[in-house]
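In what follows, a structure is listed as structure tokens, so that the remarks can point back to it.
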Amino acid sequence: MEQRDMTLTEEFNPTFLFTWKGIRTADEPNYHKHDHLEFCYILSGRGRHRIGGKTYEVREGDLIVVNAGEYHQSMMEDKNVPMVEFYVGLTDVFVEGQEPNCLPVPEAGPVLHASGELKLKLSRLCIYMEAEKEMCRVGRYFMMKSYAIQMIILFLRAQEQPQKAGAVEQYSFESANRKYVVEKITDFLEEHYAEKISLDQIAGNMYLSPFYISKIFKAETGDTPIHFLIEIRMEKAKELLTNEPSLSVQEIAARVGYDDAYHFSKLFKKKFGAAPTAVRRQENE
């Protein structure tokens, strides 16, 4: 028999308010409160959060819940170590046995020290919300709302009965995290191959260093991100040569991200062993 969820009801339907990502290099100036529920996820670095008169040490992977009416303030621990924070705001949050816009907080405090699979899931949600915010696609609000609700559920589930003693953990965060990063890089390259893309840009979108991006991508795929991008572009160019005979080589080069048709032709010949025009003739014979 399926266990009934006694915390969230079928009418649970929060209103999504905002997300905000920032690099903290100084203490938040005001010890303040607000009427909505707020999450703060630490993407990188470390610092302190003062909540309800107590100060908590926070670090990468921590999820801080700030209930409505709770005074709070984000502060630096070391001014030489910036802290990247991701905030999510919601209202109309009604949980059984709690005040409006409040979640049950464990005795240890409102800071959830996430690791393993939970840390990976929370990091993904932040990346997904940031991507939706930037892309402005149809249904953006509802996608961001769904991710924010997942964050609430993950916080509540983390307070459930811990894993039984002696159970074996079958999850490797480091391995899964590397594969996830590589997956996001390949998705980005396949979506933006026609644009001007640099390693710094890829790294910036992932909030990681270019060196780390190159290292893990090479380890997981045996290839570099830039060479992988070239492979995508060449395959797309070959499709265009075959399917759109009215396009010139210059136009095809531009369609796959190259201003210089000569440079494009050299890369194409290296990949397929023949110039674009020759491949077009072969494909159409």
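Assorted remarks:
- Couplings for region 51-58, taken from phi via the Karplus curve 6.51 cos²θ - 1.76 cosθ + 1.60 with θ = phi - 60°, read 9, x, x, 10, 10, 10, 6, 10 Hz in order; Gly and Pro are left as x.
- Sequence-distant lysines (8 or more away, or on other chains) whose Cα lies within less than 22 Å of Lys79: Lys21, Lys54
- Inter-label distance, nm, simple model (7 Å from Cα along the C-beta direction), Ser246/Tyr141: 4.1
- Distant-in-sequence amide H partners of Asp27 (H built 1.01 Å from N, under 5 Å): Met76
- Taken along the Cα-to-beta-carbon direction at a fixed 7 Å, the label points for Glu99 and Arg157 span 2.9 nm.
- Reachable lysines, given that their alpha-carbon falls under 21 Å from the alpha-carbon of Lys271 and they are not under 8 places away in the same chain: Lys196, Lys218, Lys236, Lys238
- Label selected from (i) 65, 47, 35; (ii) 56, 47, 42; (iii) 74, 51, 42, the criterion being Cα extents along the principal axes in Å as computed here: (iii)
- Electrostatic tally near Gln150: other residues with Cβ closer than 11 Å to its Cβ, Lys and Arg +1, Asp and Glu -1, net +4.
- The modelled label-to-label distance for the pair Asn80/Glu231, using points 7 Å beyond Cα in the direction of Cβ, is 4.2 nm.
- Highest mobility in the GNM of the chain, judged by mean-square fluctuation with C-alpha springs under 10 Å and restricted to Met75, Met135, Met234, is found for Met135.
- Of Lys271, Lys179, Lys133, the one that fluctuates the most in a GNM where the chain has Cα springs shorter than 10 Å: Lys271
- Alpha carbon centroid spacing (whole Å) that separates region 216-245 from region 75-126: 39
- Surface per residue (accessible, 1.4 Å probe) for the chain, Å²: 57
- Residue of Leu120, Leu241, Leu189 that the Gaussian network model of the chain assigns the largest fluctuation, springs spanning Cα pairs under 10 Å: Leu241
- Cross-link reach list, lysines versus Lys215, counting only Cα pairs under 20 Å and skipping chain neighbours closer than eight places: Lys179, Lys184
- Per-residue ellipticity at 222 nm, computed for the chain from helices alone with -39500 (n - 2.57) per DSSP H run of at least four residues, works out to -14000 deg cm²/dmol.
The values are calculated or read from the model by the stated rules, or taken from the named source; none is laboratory data. Note that the structure is predicted; figures quoted are calculated from it, not measured. Using ideal geometry, Cβ is built from the backbone for each residue, glycine included, and neighbour counts are taken over all protein chains shown. Remember, those area values only see protein heavy atoms, side chains included, never the ligands or the DNA or RNA. Shrake-Rupley method; radii C 1.70, N 1.55, O 1.52, S 1.80 Å.
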